[in-house]
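The values are calculated or read from the model by the stated rules, or taken from the named source; none is laboratory data. Remember, it's a predicted structure, so these values are computed and weren't measured experimentally. Backbone-built Cβ (ideal geometry, glycine too); neighbour counts: all protein chains shown. Remember, those area values only see protein heavy atoms, side chains included, never the ligands or the DNA or RNA. Shrake-Rupley method; radii C 1.70, N 1.55, O 1.52, S 1.80 Å.
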Amino acid sequence: MKIALASDKAGFELKNYIKSYLENEGKGYEVVDLSEEPAADFVDSSVAVSRAVLDGKTDRGIMFDEYGTGSAMASNKIHGMVTANVTEENTAHMTTQHNGAKAIAIGAGIVGNKRAESIVDEYLGVEYAGGRHQIRLDMLEKLY
């Protein structure tokens with residue numbers, strides 16, 4: 001699975017920590033770092049992740065900023081994206097399994113390194129269930 005990562009200045013340290021975690025823990029993910037240097041703004045980093053996912057260059061995405069909310073809001077403005085601001089593991093799991101999240105946003109000012117590891121593991125360790133949940137995604141796709 002290919003994972004896009006990007007961040008602004010506030011999320012840069014946590015992004016690099018998670019990048020190292022994913023690459024060095026034998027998890028088998030291919031990490032695509034879209035912000036070797038911090039993006040000027042969270043809008044830039046969230047759009048980069050969203051485009052990588054929607055264009056099929058990566059399978060999923062993780063974006064980092066100070067609180068996560070701004071990145072999630074910016075990403076969700078892009079038609080076809082489903083991004084959740086995640087601060088704990090259950091939401092990371094359920095937003096993927098039931099809502100087909102293509103990306104998550106993590107706030108470095110809220111979530112520490114170990115919690116971020118757990119959030120990322122839950123997000124990447126579950127697949128979208130489809131079925132009855134697809135109705136919601138279809139409804140979202142019709143919104144502009």
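A compact table of results
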item: Amide H partners (placed H, <5 Å) of TYR67, local residues excluded; result: ALA108, GLY109
item: Apportionment of accessible area to carbon and sulfur, the range 21-106, percent (1.4 Å); result: 47
item: Accessible-area value, ASP44, 1.4 Å probe, nucleic acids and ligands omitted, Å²; result: 80
item: The chain: relative contact order as a whole-number percent, Cα under 8 Å and 6+ apart; result: 24
item: Where the chain is the region considered: accessible area per residue in Å², 1.4 Å probe; result: 50
item: Whole-angstrom gap from the range 69-144 to the range 1-19, using each part's C-alpha centre; result: 16
item: Only Lys, Arg (+1) and Asp, Glu (-1) charged, at Cβ; the chain dipole about Cα centre in debye; result: 460
item: Mean Cβ neighbour count within 10 Å, used as a protection proxy, ranking 10-17, 24-31, 61-68 highest first; result: 61-68, 10-17, 24-31
item: Extent along principal axes [Cα atoms of the range 52-144; Å; largest to smallest]; result: 36, 24, 22
item: Amide hydrogen neighbours beyond the local backbone of LYS2, cut-off 5 Å, H modeled; result: GLU30, ASP59, ARG60
item: Under-5 Å amide H pairs with SER35, H placed in peptide plane, nonlocal only; result: SER7
item: Mean Cβ count within 10 Å, highest first, over the residues of peptides 127-140, 102-115; result: 102-115, 127-140
item: Residue-averaged [θ]222 nm for the chain, counting only DSSP H segments that reach four residues, each worth -39500 (n - 2.57); result: -13000 deg cm²/dmol
